[in-house]
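Beneath this line is the structure, given in structure tokens, with notes to follow.
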Amino acid sequence: MDLAIIDQTKKGVTPYHRDLVHSVLNFAGTALDLPENTEMSVTFVNNDEIQRYNQEYRGVDKVTDVISFAIEEGEDDFANLPDNSWADEIAKNIGDIIVSVDVISSQAEYLEHSYERELGFLVVHGFLHLNGYDHMLGDQEEKEMFDLQRKILNDYGLTR
């Protein structure tokens with residue numbers, strides 16, 4: 001997976017945590033059988049910035065933990081072309097995730113698990129949204145998304 005990690009935080013994200021994000025998202029991509037040339041980004045911000053995004057794009061003026069912006073939703077842009085044999089070679093950008101490092105810390109402390117577990121949880125959660133999973137559509141969809149999220153994290157080794 002081609003993963004861009006952007007750090008817009010005040011203190012900076014450690015190389016260890018950047019590597020963890022790369023690793024867990026590549027693991028999740030393999031679990032979903034995504035093509036190797038899938039592209040996405042993860043941007044780390046502080047609470048003030050994620051609140052601004054939440055207000056601007058969701059109309060909710062409060063801090064949140066993760067926001068996902070899916071890029072390619074719906075039908076394949078190349079499906080109706082007469083010769084689309086080359087379409088599989090073009091990278092598919094699935095979107096962007098924005099994560100508040102401040103919320104990672106506070107939620108990890110509140111839930112009494114590691115910062116790394118919470119970081120993994122939030123990026124996998126956002127990643128699943130980019131891939132069409134949505135826990136807000138109903139009980140069955142919520143169960144499907146959360147079961148998959150739990151399986152990916154447990155199989156990776158980020159248990160509670």
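Points to keep in mind about this one:
- Pair list, Cβ under 9 Å, 6 or more apart: region 120-134 residue part of a loop (DSSP other than H, G, I, E, B), other residue polar (S, T, N, Q) and open to solvent by 10 Å² or more (accessible area, probe 1.4 Å): none
- Condition check for SER41: surrounded by fewer than 16 Cβ atoms within 10 Å (Cβ to Cβ), among the small types (Gly, Ala, Ser) and under 17 Å from VAL123 (Cβ atoms): no
- Selection from region 112-143 of residues that are open to solvent by 50 Å² or more (accessible area, probe 1.4 Å), of a type in the set (A, V, I, L, M, F, W, C) and modelled with pLDDT of 95 or more: PHE121
- Residue in region 83-91 that is closer than 25 Å to VAL63 by Cβ and hydrophobic (A, V, I, L, M, F, W, C) present: no
- Close pairs from region 45-64: first among the aromatic types (Phe, Trp, Tyr), partner open to solvent by 50 Å² or more (accessible area, probe 1.4 Å), Cβ under 8 Å, at least 6 apart: TYR57/PHE69
- Of the candidates ASP83, ASP88, the single residue that is assigned to a helix (DSSP H, G or I), open to solvent by 60 Å² or more (accessible area, probe 1.4 Å) and modelled with pLDDT under 95 is ASP88.
- Residue count for region 24-44 under the criterion of being in contact (Cβ under 8 Å) with a residue 24 or more places away in the chain and part of a helix (DSSP H, G or I): the result is 7.
The values are calculated or read from the model by the stated rules, or taken from the named source; none is laboratory data. Because the structure is a prediction, the values reported are computed rather than measured. Counting neighbours? That spans all protein chains shown, and the Cβs are built from the backbone with ideal geometry, glycine included. These accessible areas exclude ligands, DNA and RNA; they are computed on the full protein's heavy atoms, side chains included. Shrake-Rupley method; radii C 1.70, N 1.55, O 1.52, S 1.80 Å.
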